[in-house]
Amino acid sequence: MKHLSYQQLADLDKARIWHPFTQMKSWENEEILIIERGRGNYLIDVNGRRYLDGVSSLWATVHGHRKKEIDRAIREQLTRIAHSTFLGLSHPGAIILSDMLLEIVPNRLKRVFYSDSGATAVEIAIKIALQYWFNRGRSRRNIFVSLNNAYHGDTIGSVSVGGIGVFHATYKPLLFKTVKAPSPYCYRCELGLAYPSCKLACVRKIDDILAHHEGRVAALILEPMIQAAGGFITSPPGYLKAAATIAKRHDVLLILDEVATGFGRTGKMFACEHEQVQPDIMAVAKGISGGYLPLAATFTTKQIYDAFLGEYAEKKTFYHGHTYTANPLAVAAGIASLRLFKQEKILYRLQPKIRLLSRGLQRIADLEHVGQVRRIGMMTGIELVKDKHTKKPFPFEHRTGARVCAEVRKHGIILRPLDDVIVLMPPLSITEHEIAQLLAAVEQAIRTVTEA
Ligand SMILES: Cc1ncc(COP(=O)(O)O)c(C=O)c1O
């Protein structure tokens, strides 16, 4: 590759590229970071500076960067083939990975449909749910129920079931209609109630909605245990279980979006295990390939799969697919990553790190401008507020969260906030020493920015 200086690269980037979720006017005026390499839990920029990857390269990296077992698996796969289509053909890697995945997902799930991102995995879940009812001659069941503050990806179907105004409102004319239930956001309860005296009134709203639209709802879609992009909103104990029970009672399919939570992030392999919930359909992506390459999967029960079987002329086929479905390189990374979970006893070894994180966060929770710290497993959201007592937020345009993350960067740590929620979601491979470093830097940065 032609060697370009930092300045040449930065100038070219700013002249040519449009970055995701980025106000490019600010970007063009900032000193941008250009990552060239990675090693373990660190990212290294073109100037050789090292940064702890505090958000797992957007919630993807599981075992760290340049993990030798995953690197080797991809290289070995390259000696065979980089890509062949999954439409009408198969390949050994995908067959092996499917077997490994179906061993670890909730055991009602018996089939896997591959794609390449979280949004596509959700899009597929939605289409499968709709067509399941259609194929069974019950096409009146075509309403989707989702939550305020939900985020399921950026394609139109996924946006339709999303519920974050600033991301989604503009596209309203393009979206299909959904019915929204309250977000289980206890800190700012939509119903003006307090947990636990509310007795999970927000989940009872789901019951009301399903009763109101009895026989018309295809599926309820949820992010289990934590609404991630909505602000790391952890749901109160019992919420997921109750929602699943209600869906079942109304004969409504339960779709769980484990794109952010899957593969150990919450301390268990999948977040739904915390409340022993078994979905009808489940979407995963991000960590499935160890965070190496684009890969996603949508799982269904046998009952759903069976509804798509029929004679060719019956047109029950699931007419959906993507060019890079089950790409062999991504699949090789996925197999290597799942082997590491077993060989390195990742989930077992994670527990003391989670305890350390939990203890360390107590100091941060006490800070004057920290409204609430929400955490499940290794996923932490720190909500900053102007006034701790009234919960009044900082003005949106102050970009307080972004300024805290810029301050953290001076300590050699990369974070990306969700407005004024500081997100900590390091790779599962983070060490106890690095957790301590991360917490100390975050505490100091919050103080510097909010107490100035
Ligand atoms: C819960 C959830 N679903 C879906 C997505 C979309 O995933 P992707 O960005 O891979 O399309 C995300 C991404 O953050 C997510 O957190």
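Only the coordinates and a few stated rules stand behind these numbers; no lab work does. Everything numeric here is computed off the predicted structure, so don't read it as measured data. Virtual Cβ from ideal backbone geometry, glycine too; neighbours counted across all protein chains shown.
Fewest neighbouring Cβ atoms within 10 Å first, the residues His3, His63 line up as His3, His63. Between amide H atoms placed 1.01 Å from N, distances below 5 Å from Ser115 occur with Ala296, Ala297, Thr298, Ala326, all of them 5 or more places distant or on a separate chain. Put the Cα centre of segment 216-274 next to the Cα centre of segment 186-211 and the gap is 16 Å.
Of the residues Leu384, Leu367, Leu174, the one with the fewest other Cβ atoms within 10 Å heads the list, and the complete ranking is Leu174, Leu367, Leu384.
Taken one residue at a time, the phi angles of segment 172-187 give Karplus couplings (6.51, -1.76, 1.60, θ = phi - 60°) of 3, x, 8, 8, 7, 6, 10, 10, 9, 9, x, 6, x, 9, 4, 4 Hz. Gly and Pro are set to x. Gain on full extension, evaluated as 0.36 nm per residue between Asn142 and Glu314 minus their Cα-Cα distance, stands at 59.9 nm. A cut-off of 5 Å between modelled amide H atoms, ignoring neighbours fewer than 5 places along the same chain, links Gly371 with Glu383, Leu384, Val385. Taking a spot 7 Å from the Cα of Ala452 along the direction of its beta carbon, which residues of segment 30-72 have an amide N less than 20 Å from it? In segment 30-72, the label zone of Ala452 (backbone N under 20 Å from the point 7 Å along Cα→Cβ) covers 30-33. Summarising the amide proton neighbourhood of Thr178: residues at separation of 5 or more, or on other chains, whose placed amide H is nearer than 5 Å comprise an empty set.
Subtracting the Cα-Cα distance of Arg72 and Leu191 from 0.36 nm times their residue separation leaves 37.6 nm of extension gain. Rounded to the nearest whole Hz, the Karplus-based 3J(HN,Hα) values (6.51 cos²θ - 1.76 cosθ + 1.60, θ = phi - 60°) of segment 323-329 follow the sequence 3, 9, 3, 6, 3, x, 5, with x at glycine and proline. Rounded if a/c is under 1.5, else prolate if a/b beats b/c, else oblate: with a ≥ b ≥ c from the C-alpha gyration tensor eigenvalues square-rooted, which is segment 372-418? Oblate is the answer for segment 372-418, as a/c is 1.5 or above yet b/c matches or exceeds a/b. Kindly identify the chain as rounded, prolate or oblate by the Cα gyration tensor criterion: order the square roots of the eigenvalues as a ≥ b ≥ c, call it rounded if a/c is under 1.5, otherwise compare a/b with b/c, prolate if a/b is larger, else oblate. It comes out oblate by the Cα gyration axes. For segment 252-269, 3J(HN,Hα) computed residue by residue from phi via the Karplus equation (6.51, -1.76, 1.60; θ = phi - 60°) reads 9, 5, 9, 9, 9, 9, 9, 4, 7, 8, x, 6, x, 4, 9, x, 10, 4 Hz, glycine and proline entered as x. Looking at the chain, the DSSP beta bridges with both ends there are about 65 percent antiparallel. Counted by neighbouring Cβ atoms within 10 Å, the residues Val46, Val105 run from fewest to most as Val46, Val105.
Please name which of Ala296, Val423, Gln23 has its Cα lying farthest along the dipole of the chain towards the positive end, using unit charges on Cβ (Lys, Arg +1; Asp, Glu -1) and the Cα centre as origin. Highest projection toward the positive end goes to Ala296. A helix-only calculation puts the chain at -11000 deg cm²/dmol for mean residue ellipticity at 222 nm, using -39500 (n - 2.57) for each DSSP H run of at least four residues, averaged over all residues.
The packing ranking, built from the mean of other Cβ atoms within 10 Å per residue, places the peptides 115-122, 349-356 in the order 115-122, 349-356, highest first.
Cα centroid separation, segment 61-97 to segment 318-374: 20 Å. The trypsin sites (Lys or Arg not before Pro) of segment 148-215 meeting both criteria, a DSSP state outside H, G, I, E and B (loop) and at most 12 other C-beta atoms within 10 angstrom of the site's C-beta, are Lys177, Lys199. Going by the alpha-carbon gyration tensor, a ≥ b ≥ c the square roots of its eigenvalues, is segment 101-236 rounded (a/c under 1.5) or, if a/c is not under 1.5, prolate (a/b greater than b/c) versus oblate? Since a/c stays below 1.5, the shape of segment 101-236 is classed as rounded. Taking segment 96-199, which chymotrypsin sites (Phe, Trp or Tyr not before Pro) meet the DSSP loop condition and have no more than 15 other C-beta atoms within 10 Å? Here the sparse-neighbourhood loop sites are Phe176.
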